[in-house]
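We did not get these values from a lab; they are worked out from the coordinates using the rules stated. Not measured: the values here are computed from a predicted model. Because the Cβ atoms are built from the backbone with ideal geometry, glycine has one as well, and the counts that use them run over all protein chains shown.
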Amino acid sequence: MNYFELFEMKPSFFVDEKALRNKFIANSRKYHPDYFNNEASSIQEENIDLSTLNNIAYKTLSDFDKRMEYILEQNEISINSDEQLSNDFLMEMMDINEAIMELEFDFDQDKFNEIQNNVEIIEKNNFDKIQPLLLSFENQPFEKNDFVEVKKYFLKKKYLLRIRNQFSKFASHS
């Protein structure tokens, strides 16, 4: 059973968080193993499996990145971080990585703030470009190329997250 079916929701990159949570709670009550103590072992096992599935599905669908990855996987789009991103994006990231390396040797608060702002702008621009496509997913069939565009966004987002994680090196400076 697919996670969206379990929660009786239409597949979407943007889910109704409240409806998702309510369905999760309802399923938690419905499949809770304690309610099946007096049933046959096969029914107990089935409900343990459904309870586990409910928890995993909720954890996946309640997180935007995990939900995006799940939708891609469901549509047979492999997430392979070794795939090549555009040269323009990689050149931009190389410049940012070099600036971060320079900060490691000679910290400058203004430069640090500038790099953080640049990363935020790149993240926002990437999201603004993909958002209309993500929103259209519920209402129109996606072509393979549409999923490939979502995948490119996802890989860029992961790359930018790794860069953001490098900022923690400078926590004592800010």
- request: For K169, list the aspartates and glutamates whose Cα falls under 20 Å from its own Cα; do not include residues on the same chain fewer than 8 positions away.
  value: D95, E98, E102, E104, D106, D108, D110, E114, E120
statement: With label points set 7 Å from each Cα along the Cα-to-Cβ direction at D88 and Q140, the distance between them in nm comes to 2.2 nm
Helix axis angle, 109-136 relative to the chain longest principal axis, alpha carbon, degrees: 40 degrees
message: Ignoring everything except DSSP H segments at least 4 long, calculate the 222 nm mean residue ellipticity for the chain; use -39,500 (n - 2.57) per segment, divide by total residues, nearest 500.
response: -23500 deg cm²/dmol
statement: Taking R0 as 30 Å and r as the Cβ-Cβ distance between N118 and E149, the FRET efficiency 1/(1 + (r/R0)^6), rounded to the nearest 0.05, comes to 0.85
statement: One finds, for F14 and K158 with R0 = 25 angstrom and r their Cβ-Cβ distance, a FRET efficiency to the nearest 0.05 of 0.85
message: Quick check: the angle from helix 17-31's long axis to the longest principal axis of the chain, C-alpha only, nearest 10 degrees?
response: 40 degrees
All-pairs Cα distance distribution in the stretch 16-155, expressed in whole percent, bin size 5 Å: 2, 8, 12, 13, 13, 12, 11, 9, 8, 5, 4, 2, 1, 0
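Efficiency by 1/(1 + (r/R0)^6): what FRET value for F170 and Q44, r their Cβ-Cβ distance, R0 = 41 Å, to the nearest 0.05?
Efficiency at R0 = 41 Å is approximately 0.20.
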- request: Could you work out how far apart the two model spin labels at D95 and E76 are, taking each label as a point 7 Å from the Cα in the direction of the beta carbon, and quote it in nm?
  value: 4.0 nm
message: List the lysines whose Cα sits under 18 Å from the Cα of K23, skipping any in the same chain fewer than 8 residues away.
response: K10, K59
query: So how much slack lies between I25 and K111, counting 0.36 nm per residue of separation and subtracting their Cα-Cα distance, in nm?
result: 26.3 nm
